[in-house]
Structure formats: C-alpha cells, structure tokens
1. For V64, are the conditions met, namely being at pLDDT below 95, assigned to a strand (DSSP E or B) and hydrophobic (A, V, I, L, M, F, W, C)?
2. Would you be able to say whether some residue in region 131-138 is outside any loop (DSSP other than H, G, I, E, B), small (G, A, S) and either in contact with a Leu (Cβ under 7 Å, 6 or more places away or on another chain) or surrounded by 20 or more Cβ atoms within 10 Å (Cβ to Cβ) (or both)?
3. Just checking, does region 185-198 include any residue being at pLDDT below 95, in a strand (DSSP E or B) and among the charged types (D, E, K, R)?
4. State yes or no: is L125 buried (at least 17 other Cβ atoms within 10 Å of the Cβ) and outside any loop (DSSP other than H, G, I, E, B)?
5. Please determine, by comparing only the residues of region 157-175 that are touching a Pro at 6+ places or on another chain (Cβ under 7 Å) and in a loop (DSSP other than H, G, I, E, B), which one is modelled with the highest pLDDT.
6. Condition (residue is out of contact with any Gly (no Cβ under 9 Å at 6 or more places or on another chain) and without any contact (Cβ under 8 Å) to a residue 40 or more places away in the chain) applied to region 88-100: is it met by at least one residue?
7. Could we say that V62 is touching a strand residue (DSSP E or B) at 6+ places or on another chain (Cβ under 6 Å) and of a type outside the set (D, E, K, R) here?
8. Those residues that are acidic (D, E) and in a loop (DSSP other than H, G, I, E, B), I need them from region 72-112; list them, please.
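The values are calculated or read from the model by the stated rules, or taken from the named source; none is laboratory data. None of these values were measured; they are calculated from a predicted model. Cβ atoms come from the backbone with ideal geometry, glycine included; neighbour counts cover every protein chain shown.
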Amino acid sequence: MKLRKTLVTAAAGLAISLGGGQAMAVDCNSGITTIGQWAAAGSCTQGDKIWTYTSSNLLNTVQVLFVGGGGAAPLVHAMQIVGFDGSDAAGAWNIKYSITVANPALFYISDMFAGADNPGGGSNLTKNVAGDPTFNPFLLTVVNGAENAASEKHGLTASALTVDESFSVNANSTLLSVSNTYQEKEVTKVPTPGTLALLGLGLVALGVSRRNRWFS
C-alpha cells in the first residue's frame, strides 16, 4: 500500500512537471487585448482557428479585439484594430498575420470581409491575401470607409490564409478602426468509391433477403 502511494505521488509530480514545461495556448477572445500582447504570444486560438502574428509597425499599446469562434456553423471569426490614430496628422500602418484552421478535415474558410470605420472619408485600406487554392493571391480594398464588393471575397476553400494589410489616413481625417472578418463552413463529406461499393452490396443483400422471404 505504501509503495502504491509512492508511485501515485511520483506520477502526479511527473505530470505537473510535464504540464509546466508546455506552453498553454492563449485564448484570443479573453487573453489578447493589445498588439503587444499578440506579438508576445506569437499566436492565439479562437474556437478552431489560430491567429498568428507576423509583424507590424503599430505601437504595442494599440488595441486589438478578437470576437467570435463559437456556436454552430457557419462560424464567424473577427479581429479588429482600434485606437491607433490619435492625431490630426496623416498616418500609415502595416500589419502581417495569418489565420489557420486547426482541423481542416472538419472546417474551411469560405468568406472574408474587410472593414474600415472612417466617418467623413480620407482613408485607404488594402489587404493582400494568399493561401486560397483557387484565388491565390487576391486583394481586398476599402476606400474612404466604403465597404462593397471590392472589400469581400466569397467561394474560398482555404485552410490557412496569410494577410499583408496596409491602411492609411489623410491629415485631419479620422480612421477609428479596421476589421478582418472570416466565415467558415463545414467540410461536406463525399462518399468514397469503397463506401459506395459497400452500400451497393448491402442493398443487393437486402433485396435477396426480401426475395427469399417472399418465395419461401
């Protein structure tokens, strides 16, 4: 009994030491609120998505907000950058990041939307996006805060997208925020030839069984 207790204690200590050596994934929605925190974490998770920071010339104190990632498909994942423009001078910024599907066998990124909150106009937002099997690369733009067909992309089948995003504002204009929104869909399961063959054999067997029952 004493030996068993010793083994249990040793196993618990080993589990604690192993757990302590592994970096816990940061939750985007609750653990990241600034560019500096995102850069320090490197990446964070939002539902089944992984957002990975690459580079930026934004101040570390600039706010970044992650929203979404829960509920039933289609799921929506969004990242918004706010509070970066606090003067009347013209400004320009750039940020690079990627968004990845943790389990591409279940979901894929189907739609992307760019947004800019720019009352009164005087701004420009561009997103160079790569990684989609069909539309690679593609460009999204939002001029003077007007979101339209040029700021959306549909029909994507991506498991990972990389984004090189640039935004600017004219002097004496106000750019309150820029946003990045992604919609995902469930992967449609297509029966394999082997599965169809087994289904066919099952139907034949069912037919023979019924025929024998009728003529017996």
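1. no
2. No.
3. yes
4. Judged against the criteria, L125 is a match.
5. S159
6. no
7. Considered against the rule, which asks whether it is touching a strand residue (DSSP E or B) at 6+ places or on another chain (Cβ under 6 Å) and of a type outside the set (D, E, K, R), V62 comes out as no.
8. If the condition is that a residue be acidic (D, E) and in a loop (DSSP other than H, G, I, E, B), then D85, D88 are the ones that fit.
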